[in-house]
Amino acid sequence: MTTPMNIRSLMQPHMLRLEPYEAVDPPEALAERAGIPQEQVVKLNGNENPYGCSPRVMEAIQRLDRFHIYPDSEQRAMRRALGEYVGLGPEHIVVGNGSDEIIDLILRLFLAPGGAVIDCTPTFGMYRFSTHICGGRTVSVPRDDAFRLDVDAVLRRASESGARLVFIANPNNPSGNTTPREDVVRLLEAGLLVAVDEAYYEFSGSTVADLVPRYPNLVVLRTLSKWAGLAGLRVGYGLMDPAVTEVMLAMKPPYNINQAAEVALLVSIEDRALLLERVGRMVQERERMHSLLERIEGARPWPSEGNFILCQLPEGAGKRVYEGLAKRGVFVRYFSTPRLRDCIRISVGLPEHTDRLVAALREVVR
Ligand SMILES: Cc1ncc(COP(=O)(O)O)c(C=O)c1O
């Protein structure tokens, strides 16, 4: 008998050392965990849109008769529609299977094997995860005690490590604060390639997209997952210099956006008045949730410009509170890293979700 092959020995070593991305579970898994029916689950762990997508998206997908045809690999209609939405020409735009795909494409395009990427921690986990997948390493530059970016430290660590790429989530996930435009400009002027992730732009209103035509070393990331409620269909996009667009379009998987996602994007842009009105309601709800959290003894919510709030809990209480909420059917995001050990991140849901959360939190924190 031949010896069984050790298939892992054929795998790339860096993939075997990968720390997995902690993705959120679907509602049915959460319901099973809490032992309650799915309708009773309050899902505030994924920064999703509680209003869902535009009703016109559902109608358009039902009418769609193109599932047997490959989608447009050049993304003509989507790039035109997005161009009109953001005020830039289509030559600046690439659409991705979620903005996660644009993160991956940026890394595959700009990161040399073993190269370094600056990660301004704590921040969105995909920058680190995708960097490792692409065979690079992240150099962590911690944010200060109010989660502000330390620009001097970023420049210093970039020069020490040889990193040429920095990711900045703006507003930052999970802390909710924005980075001032002058800070981004300083990094651009220093010649770093800066990827500013504006996944929550519609909630914050602050953007550097207008700088894209001026700085070829700037890429702005956006998504329809949050404001347009399309997290499940996976559509995001990047705004960049035309020379970057050209190569990124050539290197991406040809049919990365499926027909249903393409139609969903086009209809969402058309129906943006309704979707942005819902965003306005979520911003109001975020502020109501913030003031309710402030009144809970021991809870300290951070101000946020996204559709989520990071809430600091008493020392040592993080995991217990997270588990107590989950037992009551309320699911939030818990982080185990030292900087966020006693924090939970709560997505903004419907007003009744906030009420369920606050009632549960009062019981659990006590
Ligand atoms: C900062 C940030 N960027 C990107 C994403 C992912 O967006 P998408 O669903 O478009 O991949 C998220 C999702 O939570 C996020 O928080």
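The values are calculated or read from the model by the stated rules, or taken from the named source; none is laboratory data. All values reported here derive from a predicted model rather than from experimental measurement. Methodologically, a virtual Cβ is constructed for each residue, glycine included, from the backbone with ideal geometry; neighbour enumeration extends over all protein chains shown. Ligands, DNA and RNA are excluded from the accessible area calculation, which covers all protein heavy atoms including side chains. Shrake-Rupley method; radii C 1.70, N 1.55, O 1.52, S 1.80 Å.
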Entirely in segment 77-169, the helices (runs of 4 or more DSSP H) that have 1 or more residues that are within 14 Å of the ligand (Cβ to nearest atom) and either hydrophobic (A, V, I, L, M, F, W, C) or touching an Asp or Glu at 6+ places or on another chain (Cβ under 6 Å) (or both): 99-110, 126-133
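The rows are residues; the columns are (1) open to solvent by 60 Å² or more (accessible area, probe 1.4 Å); (2) outside the structural domain of Lys252 (by TED's automatic domain parsing).
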| position | (1), (2) |
| --- | --- |
| Glu28 | yes, yes |
| Asp65 | yes, no |
| His68 | yes, no |
| Met78 | no, no |
| Val86 | no, no |
Qualifying residue in segment 286-293 (condition: in a helix (DSSP H, G or I), more than 27 Å from Asp145 (Cβ to Cβ), touching a residue at least 12 places away in the same chain (Cβ under 8 Å) and not assigned by TED's automatic domain parsing to the domain that holds Val95): no
Residues (under 20 Å from Arg281 (Cβ atoms) and open to solvent by less than 50 Å² (accessible area, probe 1.4 Å)) located in segment 46-63: Gly46, Asn47, Asn49, Pro50, Gly52, Cys53, Ser54, Val57
Cβ pairs under 9 Å, 6+ apart, first in segment 304-319 and in a helix (DSSP H, G or I), second open to solvent by less than 10 Å² (accessible area, probe 1.4 Å) and of a type in the set (Val, Ile, Thr): Gly318/Ile344
All positions within segment 320-366 that are open to solvent by less than 10 Å² (accessible area, probe 1.4 Å), without any contact (Cβ under 8 Å) to a residue 60 or more places away in the chain and not in a helix (DSSP H, G or I): Ile344
Members of segment 210-245 that are more than 14 Å from the ligand (Cβ to nearest atom) and open to solvent by 10 Å² or more (accessible area, probe 1.4 Å): Asp210, Pro213, Arg214, Tyr215, Pro216, Asn217, Asp241, Pro242, Ala243, Val244
Residue tally, condition within 16 Å of the ligand (Cβ to nearest atom) and part of a loop (DSSP other than H, G, I, E, B), over segment 246-275: 5
Some residue of segment 173-180 being within 10 Å of the ligand (Cβ to nearest atom) and not assigned by TED's automatic domain parsing to the domain that holds Arg333: yes
Selection status of Leu18, more than 17 Å from the chain's Cα centre (by Cα) and of a type in the set (A, V, I, L, M): yes
